[in-house]
Structure formats: C-alpha cells, structure tokens
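Structure, as structure tokens:
The values are calculated or read from the model by the stated rules, or taken from the named source; none is laboratory data. Given the structure is predicted, the values throughout are model-derived calculations rather than measurements. With ideal geometry, Cβ positions are generated from the backbone for all residues, glycine too; neighbour counts draw on all protein chains shown. Quick note on the areas: whole protein, heavy atoms, side chains included, nothing else; ligands and nucleic acids left out. Shrake-Rupley method; radii C 1.70, N 1.55, O 1.52, S 1.80 Å.
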Amino acid sequence: MERATVSSVQMKNLLSTTEETPYENYFSYKDNLIGSLLAIFGHLIISIGLNLQKYSHVRLSGSKDPRSYFKTKTWWLGLFLILLGETAVFSSYAFAPLSLIVPLSAVSLIASSIIGIIFIKEKWKPKEFLRRYILSFIGCGLAVVGTYLLITFGPNSHEKMNGENIVRHLVSWPFLLYMLVEILAFCSLLYYYKQKNANYLLIILMLVALLGSTTVITVKALAGMILVSIQGTMQLGYPIFYIMFVCMVATAIAQASFLSQASQLYDSALIASVNYIVSTTVSISAGAVFYIDFRNEDVLHLCMFALGCLIAFMGVFLITRNRKKTKAFEPYVAINSMPGGINMHDTGSTIQPDFGSSFSYGALQSNDSLSEIYTPATLPVVSEEASPAQAYKVLEHNKNE
C-alpha cells in the first residue's frame, strides 16, 4: 500500500510539473529532414532562377529597349523560380530550428558555381581548366561535407510557434540582454560608418548581419505561426504576428540598402563570402539566444555542428575566391574634351613635355636639358639703320642650343 501511495504521489507530481511547463518541447528528426530538404530545394531553385535572369540580361544587353527582357519567357521563368524558392525557404523555418536552416544558404553558392562551370562558353584546355576551377571544385566538396555535418549534428529541439511562446521568448531576460548588446553594437558601427567615413567591408557587413539576425528571428516566428494556423489553431489574431511582419520587412529593406552600398565599393565575390560567414555566425547566435536551439544538445553534437560550420565557411571562401573579378568600364576620352586640357590643336599653345631624364615622344629621344627646352628662341633686336636682309635674318640654332 505504501509503495502504491508513493507511486501515485510521484505520478501526480509529474503531471503537475508537465502541466506547468510553458511550452511543448519535442524532438523530431522527420521535421528536421523536411525543413532541411525545403531549404536546400529553395536555395537551389533560387540560384537557377537568378542565372536564368542573368542569361536573359546578357543576351539582350545590346538591345535599344532597356526593358526588352520583360518580353522574354526566360526572364519570367527565372522570376517564377525565385518566388518558388523563396517560398520553400520561408516554409523551412516552420519545421527546423533556426540555427540549422541559416547555414544551408551555402547551397545557393554551390549551385551558382556548378552552373557557371557547366554553362561556360569559352573553350579551355584541360590544364588551364583545372588550374582555373580547381579551387571551385575543392570549395564545392568542402561545402557539401559541411552541409552534411550541419544536417546530421544540427539542433533537434522543436516547439510550437504560437503567440504565447513568441511573446515569452521576446520578454525573456537573455534575449533582452542580447538585444541591448546588438543595438549598442549597431549604433556604434553606424556612427563610425556614417560620421567617421569608415567604409570598411567588415563594418558594412556587420551592419547587414545584425539586421539579418532580426530578420531570421521574425521569419521563423511568422512561418511557425502560419503553420500552427494551418493545423487548426488560428494565430493571426495575435498582435505579435503583425509586429513581427513589420520588423521583417523593415530589416530586409535596410539589409538591401547596406548591401547595395557595399557592392559599389567592393568586389561581389568578396562580399558574398564574407557576408555568408558573418551573417551565419550572428544568426546562429540569435537563434541560440531567442529560440534556445541548443538547450538539450550534448558536447559532441555541438562540436560537430561547429566543425560543419567551419568546413562550410572554408568551402564558400574557396568558391568565391576563384570568381573572375569584374573590371570597371573605362571609356575612351579625347584629351580635347577634358576641361582645362591643353593639346596641340589649341591656338597659341604647346604640348607640355614629360618631366624625365630626357625629352622624348615615343621612340625619339634627345639629350636636351629641361632648361634648354624652356629657353625661348628670340629674334635679334636690330636698329632701323640695319639693312633689310639683316633685319629679317633668324639666328641658326644648333642641336645643343
């Protein structure tokens, strides 16, 4: 009887503790797999769509109509694939943890690199081809290995994204402290960027990463609430849903603005690699603080997940490092069209020689000194009594003069 009463008391205590838990936490490798596959599929489709649109722009680059690509099926097909891919990536946040989905954006860089190699138009020799693309092949292999480790050892904790859980995470003291540090860091970087003209790439991309961490937090909240609404519990009546939506749109627009400013100052391949590394690191930290993604993970899984991130970072760096740098277009400008430029066609002007050890134009050289070059040739001053022949006689100068 005593054992029965003790077991019944323990059962009641267990039920009471489970009812007091503020959220339902469960583990599902199936959900992780669905979210990972959706993210990989979405990034792959986005990469194909962007390359189709780029192909349409390149093919119609010589057209007189700047918007002629709107009339092509290729451009519209690329737009449809981009929208489809973005929808798949957005849906993936509802199934898998934030810290798992964010690093999978490396799939887009892998796909872009493979598409660029397959559809290359130039004919390269085998040795030149391997020398040119060996880094891309190594980078793709490392990125694939890193992606496999991320999916295998990624966080596997899930909870329902309803309004109460999101508000509870939003007012928790770890996230409030994290937001305070992030706001101070963002304001400091923005001050140095705007007021001190510190146009360093790392500063600009840190601003993008801090904004991006807020974007992915809101995206996961919105995707989770939509999924719960589809399953039967309506969540669209919570004010937090619309607050998250406004934050998502505002931070996404701000990210695009800073990325546009960075693309005007630095190479696009360098921006892609550094932005992936910095944004992924900051977003994983935000997911670990806000959604507590790693609360039930052991040390082995954490170390293997960190190793997968490092391998993926290295692969992305090698992929973008081998991209051909675009050269700025330098149009030909005639010297007579430059304001203040002096040329030989100006009336009463002479060409300014080069200041060097010798006065030369092309292959012609002479040993004249600068003082002799700038010595003006003068006519002799003659009196009125001189003969006309002597008055108009010009002194002959030898080469040494």
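Listing for the model above:
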| quantity | calculated |
| --- | --- |
| Residue match in the range 166-178 (condition: touching a Leu at 6+ places or on another chain (Cβ under 8 Å) and in contact (Cβ under 8 Å) with a residue 60 or more places away in the chain) | no |
| Test: Tyr266 is under 28 Å from Leu310 (Cβ atoms), outside any helix (DSSP H, G or I) and under 14 Å from the mean Cα position of the chain (by Cα) | yes |
| His57 vs. criteria modelled with pLDDT under 75 and within 18 Å of Ser112 (Cα to Cα) | yes |
| Leading residue by the ranking (surrounded by the fewest Cβ atoms within 10 Å (Cβ to Cβ)) among those in the range 73-113 that are in contact with a Lys or Arg (Cβ under 8 Å, 6 or more places away or on another chain) and outside any helix (DSSP H, G or I) | Ala94 |
| Val208 surrounded by fewer than 18 Cβ atoms within 10 Å (Cβ to Cβ) and either assigned to a strand (DSSP E or B) or modelled with pLDDT of 90 or more (or both) | no |
| Per-region count, the range 238-263, residues open to solvent by 40 Å² or more (accessible area, probe 1.4 Å), more than 30 Å from Leu201 (Cβ to Cβ) and part of a helix (DSSP H, G or I) | 4 |
| Subset of the range 213-237 [outside any helix (DSSP H, G or I) and open to solvent by 60 Å² or more (accessible area, probe 1.4 Å)] | Gln231, Gly232, Thr233, Met234, Leu236, Gly237 |
| Candidate set from the range 274-299 (those that are part of a helix (DSSP H, G or I) and without any contact (Cβ under 8 Å) to a residue 60 or more places away in the chain); member that is farthest from Leu109 (Cα to Cα) | Val299 |
| Residue within the range 196-203 that is within 28 Å of Gly146 (Cβ to Cβ), open to solvent by 40 Å² or more (accessible area, probe 1.4 Å) and part of a loop (DSSP other than H, G, I, E, B) present | yes |
